[in-house]
Every structure is written in C-alpha cells, then in structure tokens.
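A short worksheet on the structure shown next.
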Amino acid sequence: VMTVRMTPLALVTERLPRAARDVARKLGKQVDVEVTGAEIELDRAILEELSDPVLHLLRNAVDHGVEAPHLRLLAGKPATGRVRVHARRERDRVILEVADDGKGMDPARLRAAAVVRGVVTKEQADALGDREALLLACLPGLSTAEVVTDVSGRGVGLDAVKRTVEG
C-alpha cells in the first residue's frame, strides 16, 4: 500500500520553471530554474501539502532574491538569475532546498521592519543574531517589501510556508 502512495517530487517541481519565468517577466527580470532530485518519491498527501509552499518560496526567490538584470550586471553577475530547487534523501527524510544567486536577505532590514511593526523592541532586535533576524521573515504580517504587489509585500507568505512545513 505504501508503494502505491509514493509519487515522484516531479509532480510539484515540473511546473516551477514556468511559474518562475512568469513572475520574472512580470517583474522585468530574467531567471533560469534548475531542479535536481525530482525523481525522489514522497507520499502523495505530503506532496499535495508541499505544492503551495514550494511555489511560494520560488516566487519569493524571483521577487526578493534575484536582482533586476542591470543591477546584476553592475554587481558582476550574469543578467539572468538562477534559482535552484534541490531535493535529496537523508536517512528517512527528504530535504528540499530552494536557493537563488541573488543578493540575499538583509538581517538589518528585517530587524528594522520588526521594530516598526511592534513585533520586537529595538533592544530585542539588536540582541538577535543574523540567523534569528532572518527568521523574523516568517512572522505574520512582516514584510520588507517597499511596495505591495500581487506577487509580494503583504507579509502573509513565509509564515504560511512555515506553518505548512511544520505541520
């Protein structure tokens, strides 16, 4: 019965390159998506739960991570950004990573946004290490986006991703 329920991760990952290109086009960016480990099998119920969070992480990588082509060129990078979705087995778990070659998240901006929204005090924010500050992005309503768009900025994404993954 367990074997029948197993489904390749490709069920989730096969639509990611097109979704990334659609978001990139809307934002005036260029992006390539590399998927590895799509042959790894997971229980169908888990795959169905992972579909939306993985798509959200991909959209965030394109929107917040990958810079505009002219900024990438100024930074000495190729104009086309790269997002990598990599799955691997570790004992009885499957590790799924979504990474981009963009500028990365800014812990200082996250600390400042959390203070402005009253999530933490200035002293608490200053006491956070960079890793803890990056996790502030998973709090409901917290966003560093300067403009709210249909892609991002509402602060309802990473907290939903975190809740689903923890579930």
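The values are calculated or read from the model by the stated rules, or taken from the named source; none is laboratory data. Bear in mind that the values here come from a model prediction, so they are computed numbers and not experimental data. Because the Cβ atoms are built from the backbone with ideal geometry, glycine has one as well, and the counts that use them run over all protein chains shown. Each accessible area value is taken on the protein alone, full model and side chains, heavy atoms only, with ligands, DNA and RNA left out. Shrake-Rupley method; radii C 1.70, N 1.55, O 1.52, S 1.80 Å.
The table below lists the values:
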| read-out | value |
| --- | --- |
| Total residues in the range 131-147, condition assigned to a helix (DSSP H, G or I) and exposed (fewer than 13 other Cβ atoms within 10 Å of the Cβ) | 1 |
| Test result for residue 123, without any contact (Cβ under 8 Å) to a residue 24 or more places away in the chain, in a helix (DSSP H, G or I), under 30 Å from residue 6 (Cα atoms) and open to solvent by 70 Å² or more (accessible area, probe 1.4 Å) | no |
| Whichever residue in the range 24-37 is among the hydrophobic types (A, V, I, L, M, F, W, C) and at pLDDT 95 or above and, among such residues, is nearest to residue 102 (Cα to Cα) | 31 |
| Near pairs, Cβ below 6 angstrom, 6+ apart or cross-chain, from the range 1-19 (within 27 Å of residue 29 (Cα to Cα)) to any residue that is not hydrophobic (A, V, I, L, M, F, W, C) | 12/51 |
| Single unsatisfied condition, residue 108 versus (1) assigned to a loop (DSSP other than H, G, I, E, B); (2) of a type in the set (A, V, I, L, M, F, W, C); (3) closer than 23 Å to residue 144 by Cα | (1) |
| Helices (runs of 4 or more DSSP H) contained in the range 1-93 and holding at least 3 residues among the hydrophobic types (A, V, I, L, M, F, W, C), out of contact with any helix residue (DSSP H, G or I) (no Cβ under 8 Å at 6 or more places or on another chain) and open to solvent by 50 Å² or more (accessible area, probe 1.4 Å) | 69-74 |
| Per-region count, the range 94-104, residues open to solvent by 50 Å² or more (accessible area, probe 1.4 Å) and touching a helix residue (DSSP H, G or I) at 6+ places or on another chain (Cβ under 6 Å) | 1 |
